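Asks: Before I ask anything, let me first share the structure, which is written out below as structure tokens.
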Amino acid sequence: MKKNETPLLKVDTFNEVKIHYERPILNPNRVVKSSEDSERLLRTFIDAKRIDYKEFFWVLLLTNANQVIGVSEIAVGNTTGVSVNIKEIYQLALLANASAIIVAHNHPSGKLKPSEADKRLTNKLSEASKFLDITLLDHIILTSEGFVSFSDSNWM
């Protein structure tokens, strides 16, 4: 470095990363005991007018007792698919201090059969769950008319 040059990176320019977590007051009526509970809860959160329009991807964040901490819309796609960032799902789960998650997406086509991409994503999420000690309880596919559960169908 020359005499009058400023260094590219100063040691004192790093920011400290802080994580603050305060457990929310949990609603005792928001406990997931089955795929039907998951579906019912998701339908209160999602916009029914958009479910046949394009694909969306959601995550339910749960405590160890399966109480719902929160629900988040992770991604919005088009009529044939949605691109999901697995890192974003687990980042959210870690920040919420979730012990378990349930993921869900819709099929605007109305078909409840999972695609190969759906199966690959579920496998990737399942593998990531093992490393992070966050349980992937289910992957739900929703349509206007119904739903299917990966867990209930033994696809996980």
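Asks: Across the range 11-149, how many lysine pairs separated by 8 or more positions, or lying on different chains, have Cα atoms within less than 18 Å?
Replies: Count of close lysine pairs: 8.
Asks: For the pair Arg43/Ser126, report the inter-label distance in nm, with labels modelled 7 Å from Cα in the Cβ direction.
Replies: 2.7
Asks: Can you check what the Kirkwood hydrodynamic radius comes to for the range 11-149, Cα pairs only, in Å to one decimal? If you can, show how the numbers build up before the last one.
Replies: Numbers: mean 1/r = 0.0634 Å⁻¹.
It works out to 15.8 Å.
Asks: When only DSSP loop residues count, what trypsin sites (Lys or Arg not before Pro) in the range 23-99 have their Cβ near at most 16 other Cβ atoms within 10 Å?
Replies: Details: sites: Arg30, Lys33, Arg40, Arg43, Lys49, Arg50, Lys54, Lys87; in loops: Arg30, Lys33, Lys49, Arg50, Lys54.
Taking the range 23-99 and a limit of 16 other Cβ atoms within 10 Å, the loop trypsin sites (Lys or Arg not before Pro) found are Lys33, Lys49, Arg50, Lys54.
No lab work stands behind these numbers, since they all come straight from the coordinates. A quick note: this is a predicted structure, and the numbers were derived from the prediction, not measured. Ideal geometry is used to build each Cβ from the backbone, glycine not excepted, and the neighbour counts take in all protein chains shown.
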